[in-house]
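The values are calculated or read from the model by the stated rules, or taken from the named source; none is laboratory data. These figures come from a predicted structure and were not determined experimentally. Glycine gets a Cβ as well: all are built from the backbone with ideal geometry, and neighbour counts include every protein chain shown.
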């Protein structure tokens, strides 16, 4: 299956970037799960955790605060005012 | 030692201690350029993503947002002058202020009122000294601006943008700042921040490879919850990001200007020391020559008066 290219950026730096099979985030409308081939989407991130399942099978959890999520051509960017990786 | 020589020695001493200071400041500035550039580059993915997102929303929806629509009449424009907190940077501050003055003249010629905002102590003193009214000034972070600083400026500007003209509000906002291109190439520039002209402007940070997305055709997006809401949330952030990248670029430019100015100062100190050393040597030689001729003259006089003994 095709993989997603995921970028998590905060205002002052790029927090995480890599390949993933699935991204789960919370938008203002509710939880959303994104797999490869998702239609182009732009949504507001409501805060809370973004879970990224990498192609290697690990889960990366990023705390993202305010911002947006955009999906297009299997490329996911999570842009937050403040974001960090939580273990 | 003669008076002349002592004067030159004192000058050489003071110049060489100044030279040490200049040299130290040059080295400090040189190391800070790297840090400032790295910071600007670290922030550039954010600016890039935001810019891309704003372009997407603006091109794909027919949302009329106050920040993007050109107002019918523009009565007052805000000008934000971004300068340094400290001097010792050559013409850096003067250049950015000159650019601002040009812009202000231009706006006045168009019949617009100008509301002045300053960042950095130097522009602030320039305008307070001339009794020009400053609406708001921010100081203390010109060398290492943070996201919070940019946000503060952005909020203040947006607040005054939303106010009516009669309440002191503005209809457009300009940023005047120095753009860092490389260690030797920096240019004071002004750009209009609001109303936004979306957006195919390269906001890439100094040194970063330019974005490949220039001619990209955006796919059709779904918006969640709606294009208006997304744009509402995006635009203030976009403005903050623009301000932030202008501040970071200016910070790098400031350090580069300081390094260059201090390099020149060090070179000039070297020249001065050389000149004074030459002069001191000449003075010493002249003194010796004079002493010799005095001695010889004395001997001659003694010899002439000798035989009478």
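Tabulated results
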quantity: Criterion: away from chain A (no Cβ under 14 Å) and within 19 Å of residue B:191 (Cα to Cα) - qualifying residue of B:54, B:80; calculated: B:80
quantity: Some residue of segment B:14-30 being under 19 Å from the mean Cα position of the chain (by Cα), exposed (fewer than 15 other Cβ atoms within 10 Å of the Cβ) and under 21 Å from residue B:180 (Cα atoms); calculated: yes
quantity: Inter-residue pairs, beta-carbon under 6 Å, first touching a residue at least 40 places away in the same chain (Cβ under 8 Å) and in segment B:280-301, second in a helix (DSSP H, G or I), 6+ apart; calculated: B:280/B:5; B:280/B:8; B:283/B:4; B:283/B:5; B:284/B:5
quantity: Tally, over segment A:1-52, of residues that are at pLDDT below 85 and surrounded by 22 or more Cβ atoms within 10 Å (Cβ to Cβ); calculated: 1
quantity: Candidates B:100, B:78, B:40 - the one that is buried (at least 20 other Cβ atoms within 10 Å of the Cβ) and closer than 27 Å to residue A:71 by Cα; calculated: B:40
quantity: Residue that is surrounded by 13 or more Cβ atoms within 10 Å (Cβ to Cβ) and modelled with pLDDT under 85, where the choices are B:220, B:196, B:247, B:234; calculated: B:196
quantity: Condition met for residue B:134 (under 24 Å from residue B:102 (Cβ atoms) and in contact (Cβ under 8 Å) with a residue 40 or more places away in the chain); calculated: no
quantity: Residue count, segment A:33-79 (criterion: within 10 Å of another protein chain (Cβ to nearest Cβ) and over 10 Å from the mean Cα position of the chain (by Cα)); calculated: 11
quantity: Residue among B:59, B:73, B:69 that is out of contact with any helix residue (DSSP H, G or I) (no Cβ under 7 Å at 6 or more places or on another chain) and under 18 Å from residue B:191 (Cα atoms); calculated: B:69
